[in-house]
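Student: Quick one: structure below, then a few questions.
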Amino acid sequence: MSADAARRFGRNRLALLGLALVAGLVLVAAAAPLLAPQDPVKQSLFEKRARPDAKHLLGADEFGRDILSRVIYGTRVALLVGTLAAAIAVVAGGALGCVAGFAGGWLDATIMRGIEILLAFPYLLLAIAIVSALGPGVVNTTIAVGVWGTPTVARMVRASVLALKETEYVRAARALGAGGPALVLRHILPNVLPTLCVYATLFMANAVLVEAALSFLGLGVQPPTPSWGLMVSTGRDVLLVAPHVATMPGLAIVVSVLGFNLLGDGLRDALDPRLRGA
Amino acid sequence: MKRGGARLATLFALLAAALALGALATPAAAQKRGGTLTIVRPTDPVSLDPHYETTAPGAWVYSNILESLIAIDEKLALHPKLATSWDVISPTRVRFKLRPGVRFHDGTPFDAAAVKFTLDRALKGTPPGRWASLAGPLAGAEVVDDLTVDVVTSEPFGPILRSLALVYAGIVSPTAVVKAGPDFSRAPVGTGPFKFVEWKTNTHVILERFADYWGDKAPLDRVVFRVLPEEGARMIALQTGDADMVLFPSPIQLAALRRDPKFAVHEATGLRVVFVGMHAKQPPLDDVRVRSALLHAVDLKAILANILEGAALPARGVLAPGVFGFKDMRLDQLYPFDRGRAKALLAQAGWNPGPDGVMQKGGQRLTLTWLAARGRYPKDGEITEAVQAMLRDVGVEAKVEWREWASAFTQFRGDPLSFHLFTLGWVTSSTDADSSLYPLFHSRQLPPGGWNTSRYANARVDTLVEQARRSLNQGERERLYGEAQDLLAKEMVWIPIYNTMEIVATRASVKGFGVHPVEYFLPLGKVWLDR
Amino acid sequence: MAGSLTFALRRLLLAVPVLLGVVFIVMLTLELVPGDAVAMMLGEHATKEAVDRLREHLGLDKPLLVRYAQYVGQLARGDLGRSIIQNRPVVDELADTWPATLELTVAALLIAALVGVPAGVVSAVRPNSSFDALARLGSLFGLSMPIFWTGLVLIVLFSLWLPWLPVGGRGSLAHLVLPAVALALPSIAMLARLTRSSVLEVLHEDYVRTARAKGLQELAVVVKHGLRNALLPIVTLVGIQAGQLMGGAVLTETVFAWPGLGRLMVKAIFARDYVLLQGAVLVFALAFVLVNLLVDLSYGLLDPRISRQG
């Protein structure tokens, strides 16, 4: 990231807010044992669904566990799943999309058919298969979610590469004799990057939600490990009588999504060489 | 004047008495005929033919279309239904006299041939009915004359009568089955108070009053069964009046519904026991002291009060009350919640607290593996988590492996089972202890042949259950089962948690409805709407 | 035009191995994953003999490849087999559910496109304005709420507190509103953001600046030059969303009791009914291939410089 881009980023207040939020999340995750007022897995059944009060600042869940502590520890799972899954999807999908878009011909056709098969395959079954093979848990959930995102990223990147391939400056670079990999790295990738950034941040939010669905089905994070997604899923049964059980972790999801998105937007605005004065 | 006054007084007294009697004789509200009852439940049936569908969503519907020879009422007592009387002729033969003048919905007459057809289809058909295994040694039926039929078993079978009262043993119209072929699943024909009208998959099933029913005609014109998978949505439908009756209502909202005069909550003790099973052959659970310690570690009252919140009853044993052969195992007295006792028992078995609180013996930690699924039984996931925490409080570390039901079920049925603990439920569908005690606790009923997932083995219990199965003397059977349950109580291989309650929430205008303890029955023949 | 036709035909032909491949992988996966359809169906009280007998009767004891070959043979004759759990032709099961899914997907896509794309365009033309800020914030909320949560909230708002709309199920247009809106919310957000990003990029292309310099109206510039090229990734996303909505609307279908393909697939997966699942997956995959084809054809229309791929 050139000094130019860094300066642009620094001037964008929303981007800085995003950076602050994400940094805050990382901090909370790292310092969870120090920040959490209570043991996130300690049950106290008679305090079930306690409303927020002095003892439980955000209330208690259906087992009487402190929601604030669980939300704090849940940051770890959210960050892990969100960033790792996004990384898997972006790297795998990005590579596939670049190769397909750039190479064209039968290679493109093969990759795209493979992607189609993956997309046509029922995701639930894929998740069950992964969990059956690898066992349940955070890391394997991350893999399952990452695999989920790969085809979409691949297709997005391929579309961008297709468009970029025909632009004048790429043609010019080719005419000047730039070879395959160099072309991709120097000319195509930087221009694909902004879209990729935007999509990666969108994906991170989705990752938390996909993890919620998986955890609810018993295929994701294993209780009693706190996961925001699982907390929202199980809290929905009591939405009408104890809304705080689902809403508090839901708010945590929103805050982290906001942070990642603002950061992503800021990065995109900073990195795009053509976006001056936006 | 005195005589006149006396006569007047008597007249007044008589008048008053007449008025009083008149007031007593007038019913509070007259039963109204007509109307449509809308019922919402979580899932659509797979089939409306008991031959193919043995789960509740189908049974709720076809239990109103089909009838069996014998009926089980809400007190779990047997009554004549399509059979008017029966006689045990020999240990393997029961003769039934059938009710005359009964017709199927398609107009064909009900007779002994129909009974034989139904049983042959279920037991010897290709493929046999899904419930055939529950029928045990039931072999078939023989026609004696039009209104007399013999039901035959291949060996003496004590629970024979209750097996014939199963919701799956409803008599079907032979003509309709032959004519419809596989489509009979989508349009069953029986003798019940309601007849089938329409089934739109995943949307609704519609039934209509059968005008030529042999008994009291149903007050309702129509019944509509709708599907709403989300609990919250079902409760909202009840509130808005979109639904008159909700099956599987939300336990948390029950208290509010009970207080609200616009609604009514109907409940009955169910037949299902949900428990944490222990693998009795897997160390350290092969030591009865360790198993007892686990039982003492669980605070059942807290679970019942806070997780089930009045939507279930504490388990009284391995069977549900009302089941023929039930004995109250007094588990609250035998294994009261007592952490001290739990730890003492563990110490007796050689387990002592390690540095982090987890029990240790010879350098090994007391870690148990646990297989559980979520959502198969009400609150099964929550109970697993709660008991896991309670075990940790006495130094037992339980590692739960969560699976979705299909995977878990495969493991439960498998052999060997490598887990120490498992969360499971069992319903005594035939209302007879045999259908629980035999497959669950007989030492030869190991999976996949049987369901003795705990690998329990006690030769005396084996003998008792075998004898009770073959005896037709119901008094003797009860005695045998009582003794078996006494033995089980001393070396428990289950931590029974709760006994289901069948709960249905309705609008107050729904009258004449009683919840049946057997979760498959949904008796609508006497229901009427006050509006 | 002839070029498009051959392109389309070639793609449809290529679709056949894709479909066969998916079917095989589904069958293989269900074989490897623990769980037995027949055992689950018969439940706890069934004896082992009963389970084995039924498996044999249904032909499920044959090896995988034999069953696959049988299935493909049947498929060639247009027979999708009989569902194991429902004992009913799969075609009938699909006929009952597929129109519902189509209805919901089309409605949700329409809402998403008609709301999301214009919002994105306006955002891009007026970046950092209050509309832009509001739209971006709204998008973020739309993306971060779990669908079963928004669904239930919508029901509480519009069925309970304001008794305008029915609680669930499928019937009239009123029944379609809530589920389509709930399903569309994340898509609206994605489309708005992507449109904004794409249009912004394009607006700063040299040829657009040239057009502006020539004095053309801002709007004309955007519409004529900007939108056409920005549409490429947008159309791709719409295509992807269409695919995901079709098979992935499981949670929405559950919350609103919408009798669609998603719920059918989940039921089939949990019951390990591979015949039913394959039928559902085939419909889904076929629709998917068709949508992809349409998207790829539109690339050619939108940007004639792109040579035909695949």
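Laboratory data are not the source of any read-out in this text; all were calculated from the coordinates shown. Please read all numbers here as calculations on a predicted model, not as lab measurements. Because the Cβ atoms are built from the backbone with ideal geometry, glycine has one as well, and the counts that use them run over all protein chains shown.
Student: B:T55 versus C:L13, label points 7 Å from Cα toward the beta carbon: distance in nm?
Tutor: 4.5 nm
Student: Right, another one. State the extension gain, in nm to one decimal, for the chain segment bounded by B:K281 and B:N352, taking 0.36 nm per residue of separation less the distance between their alpha-carbons. Intermediate values should be presented prior to the final figure.
Tutor: Working: separation 71, 0.36 × 71 = 25.56 nm, distance 2.19 nm.
Full extension from B:K281 to B:N352 adds 23.4 nm.
Student: A further question follows. Which FRET efficiency, nearest 0.05, do B:R339 and C:W164 yield, Cβ-Cβ r, R0 41 Å? Mind dumping the intermediate values first?
Tutor: Values: r = 54 Å, r/R0 = 1.32.
The computed FRET efficiency comes out at 0.15.
Student: Continuing with the same structure: Of the options A:L19, B:V276, B:L238, report the single residue whose Cα projects farthest towards the positive end of the charge dipole of the protein assembly as shown (beta-carbon charges: Lys, Arg +1; Asp, Glu -1).
Tutor: A:L19
Student: Trypsin sites (Lys or Arg not before Pro) within segment B:306-348: which are DSSP loop residues with at most 14 other Cβ atoms inside 10 Å?
Tutor: Details: sites: B:R316, B:K327, B:R330, B:R339, B:R341, B:K343; in loops: B:R316, B:K327, B:R330.
Of the trypsin sites (Lys or Arg not before Pro), the ones in loops of segment B:306-348 whose Cβ has at most 14 other Cβ atoms within 10 Å are B:R330.
Student: Given the DSSP H assignment, sum -39500 (n - 2.57) over each helix run of at least 4 residues in chain B and divide by its residue total; what's the result at 222 nm in deg cm²/dmol, nearest 500? Kindly include the intermediate steps, with their values, before the conclusion.
Tutor: Values: 16 runs with 160 residues, N = 531.
Here the helix-only value at 222 nm equals -9000 deg cm²/dmol.
Student: What list do you get for B:W370, B:W426 if you sort them by fewest beta carbons within 10 Å?
Tutor: Least crowded to most crowded, the residues run B:W370, B:W426.
Student: If R0 is 22 Å, what FRET efficiency do you get for A:R186 and A:W106 from their C-beta distance, rounded to 0.05? Could you put the intermediate results ahead of the total?
Tutor: On the way: r = 26 Å, r/R0 = 1.18.
After rounding to 0.05, the efficiency reads 0.25.
Student: With a ≥ b ≥ c the root eigenvalues of the C-alpha gyration tensor of chain A, is it rounded (a/c under 1.5), prolate (a/b larger than b/c) or oblate? Spell out each step's value before the answer.
Tutor: Details: a/c = 3.24, a/b = 1.72, b/c = 1.89.
The shape class here is oblate.
Student: Would you work out which of C:L20, C:L5, C:A39 lies farthest towards the positive end of the dipole of chain C? Charges go on Cβ: Lys and Arg +1, Asp and Glu -1.
Tutor: C:L5
Student: Considering the options B:A122, B:G170, B:V394, tell which one lies farthest towards the positive end of the dipole of the protein assembly as shown, charges being +1 on Lys and Arg and -1 on Asp and Glu at the Cβ, about the Cα centre.
Tutor: Of the options given, the answer is B:V394.
Student: As I understand it, the value is the acute angle between the Cα axis of helix C:228-248 and the longest principal axis of the Cα atoms of chain C; what does it come to in degrees, rounded to 10?
Tutor: That works out to roughly 20 degrees.
Student: Same structure again: Output wanted: per-residue J couplings in Hz (rounded whole) for segment C:193-200, from phi through Karplus 6.51 cos²θ - 1.76 cosθ + 1.60, θ = phi - 60°, x for Gly and Pro.
Tutor: 5, 5, 4, 4, 4, 5, 5, 4
Student: Can you tell me the dipole magnitude for segment C:55-206 around its Cα centre, using point charges on the Cβ only (Lys, Arg +1; Asp, Glu -1), in Debye to the nearest 20? Before the final figure, lay out the partial values.
Tutor: Values: 11 positive and 11 negative charges, 54 e Å.
Here segment C:55-206 has a charge dipole of around 260 debye.
Student: Going down the list B:K262/B:K301; B:K81/B:K179; B:K97/B:K327; B:K81/C:K48; B:K281/C:K267; B:K75/B:K124, which pairs span over 28 Å between their C-alpha atoms? Present the calculation step by step, with values, prior to reporting the outcome.
Tutor: Details: B:K262/B:K301 31 Å; B:K81/B:K179 26 Å; B:K97/B:K327 33 Å; B:K81/C:K48 33 Å; B:K281/C:K267 35 Å; B:K75/B:K124 32 Å.
Long pairs (Cα-Cα over 28 Å): B:K262/B:K301; B:K97/B:K327; B:K81/C:K48; B:K281/C:K267; B:K75/B:K124.
Student: Report, to the nearest 10°, how far helix B:474-490 tilts away from the longest principal axis of the Cα atoms in chain B, using its own Cα long axis and a range of 0 to 90°.
Tutor: Tilt of helix B:474-490: around 30 degrees.
Student: Spin-label point model (7 Å from Cα, Cβ direction): what's the A:K55 to C:H57 distance in nm?
Tutor: Rounded to a tenth, the inter-label distance reads 5.8 nm.
Student: OK, next. Under DSSP H, which helices of chain A have Cα atoms covering 20 Å or more of the helix axis and a Kyte-Doolittle average no less than 1.0?
Tutor: Numbers: long enough: A:13-30 (25 Å, 2.38); A:67-103 (51 Å, 1.74); A:105-120 (22 Å, 1.03); A:138-165 (39 Å, 0.98); A:189-216 (39 Å, 1.48); A:244-271 (40 Å, 1.12).
Helices meeting the span and hydropathy rule in chain A are A:13-30, A:67-103, A:105-120, A:189-216, A:244-271.
Student: Relative contact order (percent) for chain C, with alpha-carbon contacts under 8 angstrom and 6 or more residues of separation? Present the calculation step by step, with values, prior to reporting the outcome.
Tutor: On the way: 332 pairs, mean separation 82.7, N = 310.
Reported as a whole number, the value is 27 percent.
Student: With labels modelled as points extended 7 Å from the Cα through the Cβ direction, what inter-label distance (nm, one decimal) is found for B:D530 paired with B:I89?
Tutor: It is 4.9 nm.
Student: I need the trypsin sites (Lys or Arg not before Pro) found in segment C:265-305, filtered to DSSP loop residues with at most 16 other beta carbons within 10 Å of theirs.
Tutor: Numbers: sites: C:K267, C:R272, C:R305; in loops: C:R272, C:R305.
The qualifying sites are C:R305.
Student: With +1 assigned to the C-beta of every Lys and Arg and -1 to the C-beta of every Asp and Glu, and no other charges, what is the dipole magnitude of segment C:14-103 about the Cα centre in debye, to the nearest 20?
Tutor: On the way: 8 positive and 12 negative charges, 58 e Å.
Taking the Cα centre of segment C:14-103 as origin, the dipole is about 280 debye.
Student: Same structure again: State whether chain C is rounded, prolate or oblate according to the following rule on the C-alpha gyration tensor (a ≥ b ≥ c being the square roots of its eigenvalues): a/c under 1.5 gives rounded; otherwise a/b larger than b/c gives prolate, and the remaining case gives oblate.
Tutor: Working: a/c = 3.12, a/b = 1.62, b/c = 1.92.
Oblate shape, in that a/c is at least 1.5 and b/c is the bigger or equal ratio.
Student: Please compute the average number of Cβ atoms from other chains found within 10 Å of each residue's Cβ in peptide A:225-232.
Tutor: Numbers: counts 0, 0, 0, 1, 1, 0, 0, 4.
Averaged over the peptide's residues, the number is 1.
Student: For segment B:39-103, just say rounded, prolate or oblate: build the C-alpha gyration tensor, square-root its eigenvalues into a ≥ b ≥ c, call rounded for a/c under 1.5, and beyond that prolate if a/b exceeds b/c, oblate if not.
Tutor: Working: a/c = 2.24, a/b = 2.15, b/c = 1.04.
Since a/c reaches 1.5 and a/b is larger than b/c, the shape of segment B:39-103 is classed as prolate.
Student: With r defined as the distance between the Cβ atoms of B:Q360 and B:E476 and R0 fixed at 35 Å, what FRET efficiency is calculated, to the nearest 0.05? It would help to have the intermediate numbers written out before the result.
Tutor: Numbers: r = 49 Å, r/R0 = 1.40.
For B:Q360 and B:E476, the calculated efficiency is 0.10.
Student: Given DSSP loops and a limit of at most 16 other Cβ atoms within 10 Å, what is the longest stretch of chain B that contains no such GluC sites (Glu not before Pro)?
Tutor: B:75-308
Student: Now for a different question. Using a cut-off of 14 Å between beta-carbons, work out the net charge of the residues near A:A50 (Lys and Arg +1, Asp and Glu -1, A:A50 not included). Mind showing how you got there, number by number?
Tutor: On the way: positive: A:K42, A:K48, A:R49, A:R51, A:K55, A:R65, A:R70; negative: A:E47, A:D53, A:D61, A:E62, A:D66.
Spelling it out: positives minus negatives among the neighbours equals +2.
Student: Next question. How far is helix B:339-348 tilted off the main Cα axis of chain B, in degrees rounded to 10, range 0 to 90?
Tutor: 50 degrees
Student: Can you compute the charge dipole magnitude of the protein assembly as shown about its Cα centre, using +1 on each Lys and Arg Cβ and -1 on each Asp and Glu Cβ, nothing else charged? Give it in debye, rounded to the nearest 20.
Tutor: Values: 110 positive and 92 negative charges, 369 e Å.
Approximately 1780 debye in magnitude.
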